[in-house]
C-alpha cells in the first residue's frame, strides 16, 4: 500500500496531462490559471530543451539507485512517453500523440509490455476538449465523454456514455457574466431531470428534508485567513452527500497550501498541506490520515537552478522513507 501511495504522490505533483477536466466547483478564472500553469511547464521544458527525465529510487539494501521512471518529451515540451519501473523492470507505460496545436490526441497504455488500453481525445478550433473515449484490451470500448462550450470557453454541456454507446447521464451548465457557475442540471439516461445544482449560498444550513429532493446545492464561498491567504469554501448539499464541506486555501500567488474535506459529522476525511518557496516551487507536501491529526506521509522537494525537481524524499512516520532523484537529458 505504501508503494502505491508514494507513486500517487509522485504522479500527483509531477505528471502533467494536456487533457482538460472541469471540476464541479472550478471557476473560469481557476480553470484558466490551471491551464496556464500547464502551458508554462511545457514551455519551460521547451526552452530548456529537455528530451528525457530519468527518475531513480534509492534502494537501502543494495545502496544503489534503481530506475523508477522514464519521461520522454518532444521539442515542444509535450510528454511523449511515461514508463514506470518496479525493481528496475518496466511494469507500465503511456505513449502520447499530439496534433499541430500540441493537443494530446492519443494516449496508449501498456502493462508489462502488452497493450492494456488507450484514450482518444478530440478538440474544437479553440482547443477545448470536445470528446474523450477510453478503450480496453483488444480495442474494447469503454467510457466516452462528449462536451460542448460557449464562446467564452465555458463547458455548457457534458454527456457520459456507457461502453455500449448508450447515454449514462448528462450535465448542463449555466454561467454568470463573470464566468462563475450559476446552475448545473443532471439528467439520467432517459433524459429525465434528476438534480439541479445551484451555486448560491442562501440555502446553506437547511436540512435534507427542508430541501426539494430533486434539488442540490453547491455553495462556493471565499474568505481570507489571518495570514491574508485566500480560502475557498465549498458546501455540498445533495441527497446522500448532504452536509459535506471542503476548504481549499491558496496563498497570494495562487498556490494551494491546504485542502480539507469534512463529512456531515464534522470529521475530517481528507487533509493535505503544502509549502512553497519564493520561486513558487513546492518544497513540502503533507498528507494526513482520516481525522486530520496523524500524518500519513510528508514529502520534501529539491530543485536545480532551472527549477527542475532533482530530489524527492517521502517520509512515512519517523523511521521509514523513500528517496527519489531525477536526471535531465537535453536535445
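How many residues are out of contact with any strand residue (DSSP E or B) (no Cβ under 7 Å at 6 or more places or on another chain) and modelled with pLDDT of 90 or more if we restrict to region 87-108?
Going through region 87-108 one residue at a time, the tally reaches 3.
I'm trying to understand the selection: among the residues of region 86-107, which are more than 21 Å from residue 128 (Cα to Cα) and either in a strand (DSSP E or B) or in contact (Cβ under 8 Å) with a residue 60 or more places away in the chain (or both)?
86, 89, 90, 91, 92, 93, 94, 95
With respect to the numbered conditions (1) without any contact (Cβ under 8 Å) to a residue 24 or more places away in the chain; (2) more than 23 Å from the chain's Cα centre (by Cα); (3) within 27 Å of residue 80 (Cα to Cα), which one is the sole condition not fulfilled by residue 176?
Condition not satisfied by residue 176: (3).
Do any residues in region 127-155 that are more than 20 Å from residue 102 (Cα to Cα) have Cβ atoms under 7 Å from those of residues that are modelled with pLDDT under 90 and part of a loop (DSSP other than H, G, I, E, B), where the two are at least six apart or on different chains, and which pairs are they?
Filtered contacts from region 127-155: 152/179; 154/179; 155/22.
Residues being under 19 Å from the mean Cα position of the chain (by Cα) and without any contact (Cβ under 8 Å) to a residue 24 or more places away in the chain: count how many of those fall in region 284-297.
The qualifying residues number 3.
Which of the residues spanning region 72-85 are assigned to a strand (DSSP E or B) and without any contact (Cβ under 8 Å) to a residue 40 or more places away in the chain?
Matches in region 72-85: 72, 73, 80, 81, 83, 85.
Mind counting the residues in region 274-283 that are in a loop (DSSP other than H, G, I, E, B) and touching a residue at least 24 places away in the same chain (Cβ under 8 Å)?
Total meeting the criteria: 3.
Any residue in region 166-185 that is touching a strand residue (DSSP E or B) at 6+ places or on another chain (Cβ under 6 Å), modelled with pLDDT of 90 or more and assigned to a loop (DSSP other than H, G, I, E, B)?
no
When region 304-331 is examined, which residues are found to be closer than 30 Å to residue 43 by Cα, part of a strand (DSSP E or B) and free of Cβ contacts under 8 Å to residues at least 24 places away in the same chain?
310, 311, 313
The values are calculated or read from the model by the stated rules, or taken from the named source; none is laboratory data. The structure displayed is predicted, hence computed values, not measured ones. Here the Cβ is made from the backbone with ideal geometry for all residues, glycine too, and neighbour counts use every protein chain on show.
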